[in-house]
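These notes concern the structure reproduced below.
The values are calculated or read from the model by the stated rules, or taken from the named source; none is laboratory data. Since the model is a prediction, treat every value here as computed from it, not as a measurement. In this analysis, Cβ positions are derived from the backbone assuming ideal geometry, glycine residues included, and neighbour counts consider all displayed protein chains. Remember, those area values only see protein heavy atoms, side chains included, never the ligands or the DNA or RNA. Shrake-Rupley method; radii C 1.70, N 1.55, O 1.52, S 1.80 Å.
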Amino acid sequence: MKYNKSESITDLLNQYLRTEGLESPLNEYRLMAAWPVVVGDVINRNTQNMVIKNQILFVDVKSPVVRHELMMRREELVETLNREVGARVISEIRIR
């Protein structure tokens, strides 16, 4: 009887994403989608134009009060967002 090594579909998909260079963009998309869940509705409504470049999340904020709140919670937000995605996607948040 011939034995075939079987792999789970999850492992195969992850391997494919890595080899095609699609893992990072997918994780960045997941992080952007997790933003409203992590920060809440009030802060999410006051944020706009989020961009990730070189593991830095740039966020434009309309309200000075919300900007101050985010500045105080930057390190906590980095950890929470990365944990939500399950990978180290960002290392810093810059509020503009």
**Report entry** Cα pair count fraction exceeding 19 Å, expressed as % - the range 16-91
**Finding:** 33
Query raised in the report: Which helices, taking whole DSSP H runs in the chain, have alpha carbons extending 20 angstrom or more along the helix axis plus mean Kyte-Doolittle at least -1.0?
Result: 23-39
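Counting only helical runs of four or more DSSP H residues, what would the 222 nm mean residue ellipticity of the chain come to if each run contributes -39,500 (n - 2.57) and the total is spread over all its residues?
Details: 5 runs with 55 residues, N = 96.
For the chain, the value works out to -17500 deg cm²/dmol.
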Report task. Identify, among 29, 82, 63, the residue whose Cα sits farthest towards the positive end of the charge dipole of the chain, taking +1 on the Cβ of Lys and Arg and -1 on the Cβ of Asp and Glu, with the dipole about the Cα centre. Result -> 63
Report task. Springs between alpha-carbon atoms under 10 Å, Gaussian network over the chain: tell me which of 18, 45, 74 tops the mean-square fluctuations. Result -> 18
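If you roll a 1.4 Å probe over the range 4-78 with all protein chains in place, what percent of the accessible area is carbon or sulfur? Can you show the working numbers first?
Details: 2690 of 5240 Å².
Carbon and sulfur atoms account for 51 percent of the accessible area of the range 4-78.
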Query raised in the report: Per residue, how much accessible area does the chain have with a 1.4 Å probe, in Å²?
Result: 73
